[in-house]
1. Once you charge only the Cβ atoms, +1 for Lys and Arg and -1 for Asp and Glu, what is the size of the charge dipole of the chain about its Cα centre, to the nearest 20 debye?
2. Over the chain, average the accessible area per residue using a 1.4 Å probe and give it in Å², no decimals.
3. Give me the Kirkwood hydrodynamic radius of the stretch 234-289, using the inverse of the mean 1/r over all pairs of distinct Cα atoms, in Å to one decimal.
4. Considering the dipole of the stretch 476-662 built from charges on the beta carbon (Lys and Arg +1, Asp and Glu -1) around the Cα centre, which of Ala660, Ile599, Thr580 is farthest to its positive end?
5. Convert each backbone phi in the stretch 545-554 into a coupling constant with the Karplus relation 6.51 cos²θ - 1.76 cosθ + 1.60 (shift: θ = phi - 60°), then list the ³J(HN,Hα) values in order as whole Hz, x for Gly and Pro.
6. Between Leu412 and residues 5 or more places away or on another chain, which pairs have amide H atoms under 5 Å apart, with H built 1.01 Å from N, and which residues are they?
7. Which percent, nearest 5, of DSSP beta bridges in the stretch 476-662 are antiparallel?
8. Considering amide H positions built from the backbone, and no H for Pro or chain starts, which residues 5 or more places from Ile476, or on another chain, come under 5 Å of its amide H?
Amino acid sequence: MTPDSPVATVFGRSTTKRKAVEDGLGLRTVGELLHHFPRRYVRTTELSEDVTPEEGEMVTVVGEVASSQLKTFTNRRTNKPGHRVEVRVVTQGPEFTATWFLPHRTMAEREQARMAVGSRGLFSGKVQRFNSRWQLAQPHVVIFGRGDGEGGPDETLAASLKGLMPVYPLTAKLYSWDLQKTVAVALDLVSGVEEELPEEVRGRHDLPDVMTALRWIHAPDDMDQVHAARRRFRFAEALVLQLVLARRRAAQRSLGAQARTGGQGRLLEHFDARLPFDLTAGQRKVGAVLEAELARPHPMNRLLQGEVGSGKTVVALRAMLRVVDSGGQAVLLAPTEVLAQQHHRSITAMLGDLAGGGMLGGAEDATRVTLLTGSMGRAQRQAAMLDIATGEAGIVVGTHALLEDEVTFFDLGLVVVDEQHRFGVEQRSALTGKASSPPHVLVMTATPIPRTVAMTVFGDLETSVLRELPAGRAPIATHVAPLAEQPHWEERVWQRVAEEVAAGHQAYVVCPRIVGDEQEVGESDAPADPDSGAEGAAPRAPAQPLTAVEDLAPQLRAGPLAGVRVEVLHGRLSPEEKDTVMRRFAAGEVDVLVATTVIEVGVDVANATTIVVMDADRFGISQLHQLRGRVGRGGLPGLCLLVTRAEAQTPARERLAAVAATTDGFELSRVDLEQRREGDVLGADQSGFRSSLVTLRVLRDERTIVAAREEAERLLEADPDLAAAPVLAQRVTQIEASASSDYLEKA
Ligand code: ADP
Ligand code: MG
């Protein structure tokens, strides 16, 4: 038997179980079966003793069935018979009554038989105090034998139990011991399991070999073995991933790129001279790094991450000017039309006559800043594309429309991707492919991300961080307005907004919907964003429709904000309408902007001091942090009000409380990541690696990831093709092949 043998080899004729393993768990080969690891382990030798049940908490206990009853009753509502299995479970500590309700007599009988008196097992469920007894309603149960050592599900199982029972992720028609038994057989008979970690690597990191680790994880003597085995599998996984990334970095480094040294151009110099503020120390430092990398004959590949409002745009713009000074073009890719328009407006404004290239009144050295978005008119688009193709435009700003085939550049030297979370690797490469030789690339994240996420998701990039905010930033106070308990807060929210407006300031009001049932899904030329809206949100009764921009704005004008200039902004407006509204808001001609998440990223109006987020529980943590970053920009204290109808003590409310508790984006992204499934964060879109992360968790396994990265660099340095570690090399090429085929499929 080898790891490639079908699972049927170990299941023999038991077809139901084989099918459960194949179809339910998706395990087809013995190798896959061996890599289906227990989720946890319980001690079977003793009944639990140190249990202190608490009302409403989940408990998991090892207990013995002391008595068992089957009762039939009539359901008062449906008038049909129902069946209840009631079992008394004793432990060394408290005693529990476990009950299951079953619709059919045969099912009930089967359950009762499974939990015959004397059976010992693991009971796991929510406890309640009822009639001065502890109750477990419909607990999940794994029976692993009889307390007297007789019978049980399987005698070989009992014999193979070494005091620790592995609990596997299960599927219907399969009990934990089925897996345990089969895995035990497979472990005995399998041969040819390949060791991917070279001995010296195992030695350096004190890791067991693969067969030992498999035995330790499936049939451990003690938890130390489990931990050592887990450490090995995580390390191996991290190492393969880091090898792939390190090889990508090396491949990038070996490519030739045009060095952009600035040449004779003086745009950057002029720009710096007229900047109305001093750059922060961080901005200067990152600026110097970018300048040095642009001047090298290899492509720069850098991730710039920074707190919301830390001033990433200026840093990017300075690099772009450097490239224009060198005779090349630079492009800035933005995720939304509103943001692209704003970048275009603010870059043009910051450059002043330096942006008047080819026009009367333009400065010497001036360049042209050209906007290209998907919903521009045909003629405008043609003109923009001509500017880009002829090199007339030194700086190009746009949305996804830039990725289209018909867009060609004269000499693309630098690609800047703003708010990377909305784009994937393949979009990055669609743009870099437009340069005749590999361009320099700068990627900017919307919100800070933990170091290990940067090292995995963006592991093919070098990272820079802007930690400080520009001086004079005022703090932002965040409050949750919990309408479930405090309905009168709603009135208070609008009062606060009115007060801010009376003081000469402006406010945003963000709603999850545009009108009635229609949700904002991004803009006309952006793909639907799975991140926007309701990620992780609790289902809501239809009786409480979500707040919509087009409903709320007239209500505000008619009621609490009468006399205040209230306007709307959302994805259904035409690009001209959006642009006009944003311009008027930026110019102070609009007091309150009722909008969808189109304002989520990047929008920058210094006089806006307040942001109200309606149905805030519908938004994710990093989205709320981004939204909040719209205020507190102009030296005026910011106020963020998170209005929610979610009940207290729900996960949604915890999320809001977390956002209210800190304005540290690094901290929040950690919380965010902990709450979400990591697969969502490590989206295949962004990394191409989702499939390869099995046991590794980017937050928990920081040390492993860092160690693996160092090991990967070390191995490749000595042996770039991993000739001395053929199994490892094969794992790496497998991922490289699947990642590049993913690309091709999407392109
Ligand atoms: P983000 O990093 O979130 O993209 P922005 O680049 O939009 O932040 O910058 C936020 C605001 O801060 C902009 O209005 C920008 O002009 C301003 N800004 C950038 N750098 C500085 C600085 N060194 N001093 C003062 N204001 C700055
Ligand atoms: Mg920005």
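1. Value, rounded to 20: 1500 debye.
2. Roughly 44 Å² per residue, with all protein chains present.
3. Evaluated over the stretch 234-289, this radius sits at 15.3 Å.
4. Ala660
5. Taking θ as phi minus 60°, the curve returns x, 6, 5, 10, 3, 6, 8, 5, 4, x Hz for the stretch 545-554.
6. When sequence neighbours closer than 5 places are left aside, the close amide H contacts are Gln329, Ser436.
7. 5 percent
8. Those lying under 5 Å, H to H, from Ile476 are Gly638.
The values are calculated or read from the model by the stated rules, or taken from the named source; none is laboratory data. The shown structure was predicted, so the numbers you read here are calculated from the model rather than taken from an experiment. When we count neighbours, we look across all protein chains shown, and the Cβ atoms used for this are built from the backbone with ideal geometry, even at glycine. All accessible areas refer to the heavy atoms of the entire protein, side chains included, with ligands and DNA or RNA removed. Shrake-Rupley method; radii C 1.70, N 1.55, O 1.52, S 1.80 Å.
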